[in-house]
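A.B. asks: Quick one: the structure is below, questions incoming.
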Amino acid sequence: QVTLKESGPGILQPSQTLSLTCTFSGFSLSTYGMGVGWIRQPSGKGLEWLANIWWDDDKYYNPSLKNRLTISKDTSNNQAFLKITNVDTADTATYYCARMFRAYYFDYWGQGVMVTVSS
Amino acid sequence: DIQMTQSPASLSASLGETVSIECLASEDIYNNLAWYQQKPGKSPQLLIYYASSLQDGVPSRFSGSGSGTQYSLKINSLESEDAATYFCLQDSEYPPTFGAGTKLELK
């Protein structure tokens, strides 16, 4: 059974760094073709892809945010991470992690974690 | 970036009806299109991938079609549980991009 769960700080202040963790089970990020992505959704709005990381440590970032994003993984502990630097109120959203397997679409999603940026 | 134009933005239909939602890509995405259903407060659920392949466990009243730049999701015999927002996703090239969503309301 594939499950993913995001965790994060809940609230942070402008200019801080947002650190998110995706803890998953039912698959391994060391398996050929496996990947994890991060997607966010401001309340009542659409979905925005942020970054992907693959089993071979290949990484892709949304160009509109690339300089602020860092994606990484800890294969032995079944976790993936996303850091967003210099946050502002526009980064307020629900953040999801999701799995990809031998494809570029997301087949399993976590429940999401809400992040609020406020002074 | 490939732009995904999704229509309509909202839709109201009755139980038992059939509805269609469209996504138009700004360039050919070679059937690399997925459809998702999202209910309030929940994460998106994959319905269709590669434009027309039904994800395991998804009812057969959902179907996808299209090619090139034009794709559609069809829902037959609407049930109350189908009330949700539907999104398309192109995964043909980076960055993957989503349609703006279609909110389906059941009368």
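A.B. asks: So, in segment A:72-96, of the ones that are open to solvent by less than 30 Å² (accessible area, probe 1.4 Å) and away from chain B (no Cβ under 14 Å), which residue ends up farthest from B:Y94 (Cα to Cα)?
C.D. replies: Out of the qualifying residues, it is A:V87.
A.B. asks: What residue, among those in segment A:97-107 that are at the interface with chain B (Cβ under 8 Å from one of its Cβ atoms) and open to solvent by 10 Å² or more (accessible area, probe 1.4 Å), is farthest from A:R68 (Cα to Cα)?
C.D. replies: Per the criteria, the residue is A:D107.
A.B. asks: On to the next question. Those residues that are within 13 Å of another protein chain (Cβ to nearest Cβ) and open to solvent by 70 Å² or more (accessible area, probe 1.4 Å), I need them from segment B:11-38; list them, please.
C.D. replies: B:Y30
A.B. asks: Something else: Residue check, B:G41 against (1) within 18 Å of B:P8 (Cα to Cα); (2) within 10 Å of chain A (Cβ to nearest Cβ), all met but one. Which one?
C.D. replies: Single failed check for B:G41: (1).
A.B. asks: Also, quick follow-up: Look through A:S25, A:S30 and report the one residue that is open to solvent by 60 Å² or more (accessible area, probe 1.4 Å) and closer than 24 Å to A:F101 by Cβ.
C.D. replies: A:S30
A.B. asks: Within segment B:6-37, work out how many residues are within 26 Å of B:E79 (Cα to Cα) and touching a residue at least 60 places away in the same chain (Cβ under 8 Å).
C.D. replies: Residues meeting the conditions: 16.
A.B. asks: Output the qualifying pairs, or none if there are none: Cβ atoms under 7 angstrom, residues six or more apart or on different chains, first residue in segment B:40-60 and within 18 Å of B:I21 (Cα to Cα), second residue open to solvent by 20 Å² or more (accessible area, probe 1.4 Å) and acidic (D, E).
C.D. replies: Once the first residue is within 18 Å of B:I21 (Cα to Cα) and sits in segment B:40-60, its partners that are open to solvent by 20 Å² or more (accessible area, probe 1.4 Å) and acidic (D, E) give B:L46/A:D107.
The values are calculated or read from the model by the stated rules, or taken from the named source; none is laboratory data. Being a predicted model, the structure only gives us computed values, none of them experimental. Virtual Cβ from ideal backbone geometry, glycine too; neighbours counted across all protein chains shown. Heads up: the accessible areas ignore ligands, DNA and RNA and are worked out on the full protein's heavy atoms, side chains in. Shrake-Rupley method; radii C 1.70, N 1.55, O 1.52, S 1.80 Å.
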